[in-house]
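Participant: Handing you this structure, nothing more for now.
The values are calculated or read from the model by the stated rules, or taken from the named source; none is laboratory data. What you see is a predicted model, and the numbers here were worked out from it, not measured in a lab. As a convention, Cβ positions derive from the backbone with ideal geometry for all residues, glycine included, and neighbour counts pool all protein chains shown.
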Amino acid sequence: MNDAVARARVRSIATTLAVALTLTLAAAAGCDSRREPELPSVQEKLRESHIYGQPRLRIGVATNEPLMGELRNGVHVGFDVEIARYIAASLGYQGDDRIEFVPVSTEDRVPALQGGVVDLVVSSFSITEERKKLVSFAGPYFVTTQEVMVPTRLKDNIRTIEDLRDPKYKICTSGGSTTEAELEKHQVKALVVKDVGDCVEGIRKGRYDAVSSDEAILAGFLAQYPTEFQIVDMPFGTSELLGIGVPIGDPALRDLVAFFLQKSYQQGRDGLSSPWLTAYNRTLGPWLRAEKRQPQPLDVPKLVDFDDKAPRR
Amino acid sequence: MSAAAATAAGGAEPPVVILPDRDRAVADRPAREDDHDLSERRARASQSFWTAVVGVPAVFSVLRLGVEAGGELQTTLLLVANVGPVNLLAGFLTTAARLLSTVLVAVFAFGAVLGVSVDRMPSPGLRRPLFARWMEITPAWFVAASFLLALVTWPLLYLPLLVPAFVAAFQLTPERLHERPGPRVLIVAALLGVYAWLLLPTLRDAWRQGESLALVLLVVPPLLALAIAGPLPGAVVRPLAPITQIAVLAMLVWAALPVISTPVLPLTVTTVAADSGATQDVRGHVVTTDDVNMVILQERGGVRYVPVEQVRGQVLCPSEEELPRHRLRIRDFHVEDSLLEGLGRRVRPVHRIDAACRAVG
């Protein structure tokens, strides 16, 4: 009997503890259900960014780089432009009537961002330490290498970096580009013009003998003049990471752009069709020698968005 | 609790327990008197219940309309004129089902615990607590239905709490699983094993993310369920009975506030063309559309009449209250989704946020 009473007492203490703990947990759950999300949301970042409330998004693009950024019959086309459209739509600017494409030359990209002429630059913009001091980058969204394109008549003469150093050949590149610095590093004297397009025109008119730039840009010109040029694979040894330029004073916008690039990256990695893949297949894809994939963006912030609860599988 | 009451409430035979001699007096009350009293109370409770079923949603819905209208009388009247009673009620049930089931579950769990505790108390003079009386007169099917409603509407993260609540409401002691201790332990271990297998990846994620509350909420409740059935000591029951009543009432008010302020109409962004050709996005709830105007209750307040021919497009947008707080999933079901929501997302897995929803705040 005593044993039964003792057991009943232990039992009632256990029950009391269980009831008390359950009530505590229920109260904790109630508080948890009412608290704000810890991570910032996309919407919060948007409100922090300078573009919030702007009727149109101004994006700096190239207009004379076939396949990357080109103005054709009054319409902006190209891989960079498609990426720019995706980012703009993600930020709430869908359709070309909400986007103002601002033509920027290679050397104008940094000043355009610094001067507030554009909100973003999507124009074969290589991420470098030097530039990072002046503007912010989200990305990379494309990895390319530096190459040289020669007219068909010189395809057997210019094969190596050594050949480029030969003073009889006039090498052309665009000013303010990473290629300019890279050629200098390899002691190649280059003639610097405004855009790669000017180099290509110059070669066609006989002013220059070769042009050096990113593979993606050169592939665009090759697509334009497939019989006149050839790309020569040269071991410059560096890869170019193309990023989206953002004003340095707007980290919220940089975070958002990086977040949406990551979203596309994840879609592609899950085997789904991603905005990046669509842009690539429609523009660069058929013209590059090796198939490319979207690189993983760096420094992607963790943000909360409305579709976070959607099933992943 | 009398035998008849326990059967009515639990829908099963009461657990076999050895009562001390002095408690037998409570259990052996004249059965006829109890039956008569119970049936009368049931009849009265039934009336009150149906009054509450009709009245509470109606009052809540009207309150919600007032809040939705931003406290403006004319806007409230505009909403009253345009939101049908059926839509209003359906909208109320959609948003309030979680609250409703929580209150019912709390009442029944407390009722059963208090009921069984008062029955075993040495001095039978104590008046039975309110929730215990409610629990007694509620048919078992209604209690079960309340738990079912909670099962499908509670967020998965809080769902484990339903286990101790269910065990408490039906006073299911582990002894009910098997009469011998050996098989009983095996059954409990197997059940907990299955539970652990189901949750293991989530628990690992929660640990990695440092989500200690989520970890505790997922792990502890099933263990508490093992001990929660049974009477509480008299010293605990006496203060607990009034406290729980106040607590449930406070919870009701606290949880009802967000329900009252949840919008009645869906949130949309309407693209409107201005005379100059430019477009403007109007974020708000469409109250009604006729041949001439689309009436939009703007998110930031005020009603706007937009001529129908100026409307260029309209998209449905999520509201910021729907943003998740956790980044945990249980077998690909987000922990803040209920079972119903999780299943719904599987039926329509692609969720796209329209650009227009981002552009304006």
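Participant: From the list A:Gly115, A:Gly78, A:Gly69, A:Gly60, which residue is over 27 Å from A:Pro286 (Cβ atoms) and not hydrophobic (A, V, I, L, M, F, W, C)?
Facilitator: When all the criteria are applied, what remains is A:Gly115.
Participant: If I filter region A:101-117 down to residues being more than 18 Å from A:Ala258 (Cβ to Cβ) and of a type in the set (A, V, I, L, M), which single residue comes out as surrounded by the fewest Cβ atoms within 10 Å (Cβ to Cβ)?
Facilitator: In the first step, residues of region A:101-117 are kept if they are more than 18 Å from A:Ala258 (Cβ to Cβ); the result is A:101-112, A:114-117.
Okay, now just the ones that are also of a type in the set (A, V, I, L, M), so A:102, A:104, A:110, A:112, A:117.
On the way: A:Val102: 18, A:Val104: 25, A:Val110: 18, A:Ala112: 24, A:Val117: 14.
By that ranking, first place goes to A:Val117.
Participant: For region A:227-253, what are the residues that are assigned to a helix (DSSP H, G or I), buried (at least 17 other Cβ atoms within 10 Å of the Cβ) and over 15 Å from the mean Cα position of the chain (by Cα)?
Facilitator: A:Ala252 - this is the single residue of region A:227-253 that is assigned to a helix (DSSP H, G or I), buried (at least 17 other Cβ atoms within 10 Å of the Cβ) and over 15 Å from the mean Cα position of the chain (by Cα).
Participant: Here is a further query. Given the criteria touching a residue at least 24 places away in the same chain (Cβ under 8 Å), away from chain A (no Cβ under 11 Å) and within 33 Å of the chain's Cα centre (by Cα), does B:Leu340 qualify? So that I can check it myself, show each step before the final result.
Facilitator: Numbers: touching a residue at least 24 places away in the same chain (Cβ under 8 Å): yes; away from chain A (no Cβ under 11 Å): yes; within 33 Å of the chain's Cα centre (by Cα): yes.
When the stated conditions are applied, B:Leu340 passes them.
Participant: What tally of residues in region B:343-361 results from selecting those that are surrounded by fewer than 20 Cβ atoms within 10 Å (Cβ to Cβ), within 8 Å of chain A (Cβ to nearest Cβ) and either among the small types (Gly, Ala, Ser) or under 18 Å from B:Thr202 (Cα atoms) (or both)?
Facilitator: The total comes to 2.
Participant: Still on this model: In region B:216-251, how many are over 20 Å from B:Leu162 (Cα atoms) and at the interface with chain A (Cβ under 7 Å from one of its Cβ atoms)?
Facilitator: Residues flagged as over 20 Å from B:Leu162 (Cα atoms) and at the interface with chain A (Cβ under 7 Å from one of its Cβ atoms) within region B:216-251 amount to 2.
Participant: Have a look at A:Asp163, A:Asp96 and point out the one that is out of contact with any Gly (no Cβ under 8 Å at 6 or more places or on another chain) and not in a helix (DSSP H, G or I).
Facilitator: A:Asp96
Participant: Which one is nearest to B:Glu341 (Cα to Cα) among residues in region B:56-95 that are aliphatic (A, V, I, L, M) and outside any helix (DSSP H, G or I)? Explain how you work it out, then say what you get.
Facilitator: Initial filter on region B:56-95 (aliphatic (A, V, I, L, M)): B:56, B:58-59, B:62-63, B:65, B:67, B:69, B:73, B:77-81, B:83, B:86, B:88-90, B:93.
Among the residues that remain, those that are also outside any helix (DSSP H, G or I) are: B:69, B:83.
On the way: B:Ala69: 28, B:Val83: 25 Å.
Applying the filter and picking the extreme gives B:Val83.
Participant: Among the candidates A:Val61, A:Val81, A:Val42, A:Val102, which residue alone is over 30 Å from B:Met251 (Cα atoms) and within 14 Å of another protein chain (Cβ to nearest Cβ)? Please lay out each step first, then the result.
Facilitator: Details: A:Val61 fails: within 14 Å of another protein chain (Cβ to nearest Cβ); A:Val81 fails: within 14 Å of another protein chain (Cβ to nearest Cβ); A:Val102 fails: within 14 Å of another protein chain (Cβ to nearest Cβ).
Going through A:Val61, A:Val81, A:Val42, A:Val102 in turn, just one is over 30 Å from B:Met251 (Cα atoms) and within 14 Å of another protein chain (Cβ to nearest Cβ): A:Val42.
Participant: With in a strand (DSSP E or B) and touching a helix residue (DSSP H, G or I) at 6+ places or on another chain (Cβ under 8 Å) as the only criterion, which of B:Thr244, B:Thr271 stands out?
Facilitator: Just one listed residue meets the conditions, B:Thr271.
Participant: Please give the helices (runs of 4 or more DSSP H) falling wholly within region B:113-186 in which 1 or more residues are free of Cβ contacts under 8 Å to residues at least 60 places away in the same chain and either within 17 Å of the chain's Cα centre (by Cα) or surrounded by 20 or more Cβ atoms within 10 Å (Cβ to Cβ) (or both). Before you say what the answer is, go through the steps one by one.
Facilitator: Details: elements: B:130-137, B:140-153, B:162-169.
Fully inside region B:113-186 and qualifying: B:140-153, B:162-169.
Participant: On the given criteria, is B:Arg283 in contact with a strand residue (DSSP E or B) (Cβ under 7 Å, 6 or more places away or on another chain) and either crowded, with 16+ Cβ neighbours inside 10 Å or within 9 Å of chain A (Cβ to nearest Cβ) (or both)?
Facilitator: Judged against the criteria, B:Arg283 is a match.
Participant: Continuing with the same structure: Going by the structure shown, is B:Ala255 in a helix (DSSP H, G or I), facing chain A (nearest Cβ under 9 Å), closer than 18 Å to A:Cys31 by Cβ and touching a helix residue (DSSP H, G or I) at 6+ places or on another chain (Cβ under 8 Å)?
Facilitator: For B:Ala255, the condition - in a helix (DSSP H, G or I), facing chain A (nearest Cβ under 9 Å), closer than 18 Å to A:Cys31 by Cβ and touching a helix residue (DSSP H, G or I) at 6+ places or on another chain (Cβ under 8 Å) - is met.
Participant: Let me ask something else. Give the residue that is modelled with the lowest pLDDT, with candidates limited to residues of region A:179-215 that are of a type in the set (S, T, N, Q) and crowded, with 24+ Cβ neighbours inside 10 Å. Full working, then the answer.
Facilitator: First, the residues of region A:179-215 that are of a type in the set (S, T, N, Q): A:179, A:187, A:212-213.
Next, from what is left, pick out any that are crowded, with 24+ Cβ neighbours inside 10 Å: A:179, A:212-213.
On the way: A:Thr179: 77, A:Ser212: 84, A:Ser213: 83.
Ranking the qualifying residues of region A:179-215, first place goes to A:Thr179.
Condition check ((1) modelled with pLDDT of 90 or more; (2) within 30 Å of B:Arg128 (Cβ to Cβ)) across all residues:
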| residue | (1), (2) |
| --- | --- |
| B:Leu192 | yes, no |
| B:Val220 | yes, no |
| B:Ala227 | no, yes |
| B:Ala241 | no, yes |
| B:Thr262 | no, no |
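Participant: Would you please name the residue that is farthest from the other protein chains (Cβ to nearest Cβ), looking only at residues in region A:298-313 that are in a loop (DSSP other than H, G, I, E, B) and more than 19 Å from A:Asp270 (Cα to Cα)?
Facilitator: The residue in question is A:Asp299.
Participant: Could you count how many residues in region B:63-96 are surrounded by 14 or more Cβ atoms within 10 Å (Cβ to Cβ) and of a type outside the set (Asp, Glu)?
Facilitator: Summing the residues that are surrounded by 14 or more Cβ atoms within 10 Å (Cβ to Cβ) and of a type outside the set (Asp, Glu) in region B:63-96 gives 20.
Participant: With the requirement that a residue be closer than 21 Å to A:Gly78 by Cα and part of a loop (DSSP other than H, G, I, E, B), what does region A:207-226 give you? Before the answer, list the steps.
Facilitator: Looking only at region A:207-226, we keep the residues that are closer than 21 Å to A:Gly78 by Cα, and these are A:211-226.
Within region A:207-226, A:Tyr225, A:Pro226 meet the criteria.
Participant: Do we find that A:Leu218 is modelled with pLDDT under 85 and surrounded by 19 or more Cβ atoms within 10 Å (Cβ to Cβ) in this structure?
Facilitator: yes
Participant: Cβ-Cβ distance below 9 Å, separation of 6 or more or different chains: which pairs start in region A:57-70 with a residue that is outside the structural domain of A:Leu253 (by TED's automatic domain parsing) and end on one that is modelled with pLDDT of 85 or more?
Facilitator: So the pair list comes out empty.
Participant: Then there's this: Hey, which of the strands (runs of 3 or more DSSP E) in region B:289-337, taking only ones fully inside, have at least 1 residues that are within 14 Å of chain A (Cβ to nearest Cβ) and surrounded by 15 or more Cβ atoms within 10 Å (Cβ to Cβ)?
Facilitator: Values: elements: B:293-298, B:303-307, B:311-316.
In region B:289-337, B:311-316 are the strands (runs of 3 or more DSSP E) which contain 1 or more residues that are within 14 Å of chain A (Cβ to nearest Cβ) and surrounded by 15 or more Cβ atoms within 10 Å (Cβ to Cβ).
Participant: Regarding region A:39-60, can at least one residue be identified that is touching a Ser or Thr at 6+ places or on another chain (Cβ under 7 Å), crowded, with 17+ Cβ neighbours inside 10 Å, among the β-branched types (Val, Ile, Thr) and in a strand (DSSP E or B)?
Facilitator: Going residue by residue through region A:39-60, those that are touching a Ser or Thr at 6+ places or on another chain (Cβ under 7 Å) are A:60.
When the remaining residues are screened for being crowded, with 17+ Cβ neighbours inside 10 Å, the result is A:60.
Among the residues that remain, those that are also among the β-branched types (Val, Ile, Thr) are: none.
The answer is no, given that none of the residues of region A:39-60 is touching a Ser or Thr at 6+ places or on another chain (Cβ under 7 Å), crowded, with 17+ Cβ neighbours inside 10 Å, among the β-branched types (Val, Ile, Thr) and in a strand (DSSP E or B).
Participant: Exactly one of (1) modelled with pLDDT of 85 or more; (2) charged (D, E, K, R); (3) in the same structural domain as A:Glu215 (by TED's automatic domain parsing) is unmet by A:Asp80. Its number?
Facilitator: Among (1) modelled with pLDDT of 85 or more; (2) charged (D, E, K, R); (3) in the same structural domain as A:Glu215 (by TED's automatic domain parsing), the lone unmet condition for A:Asp80 is (3).
Participant: For region B:207-215, state whether one or more residues are more than 14 Å from every other protein chain (Cβ to nearest Cβ), out of contact with any helix residue (DSSP H, G or I) (no Cβ under 6 Å at 6 or more places or on another chain) and exposed (fewer than 13 other Cβ atoms within 10 Å of the Cβ).
Facilitator: Within region B:207-215, one or more residues are more than 14 Å from every other protein chain (Cβ to nearest Cβ), out of contact with any helix residue (DSSP H, G or I) (no Cβ under 6 Å at 6 or more places or on another chain) and exposed (fewer than 13 other Cβ atoms within 10 Å of the Cβ).
Participant: Return yes or no: is A:Ala28 within 7 Å of chain B (Cβ to nearest Cβ), more than 28 Å from the chain's Cα centre (by Cα), surrounded by fewer than 16 Cβ atoms within 10 Å (Cβ to Cβ) and modelled with pLDDT under 80?
Facilitator: Criteria not met by A:Ala28.
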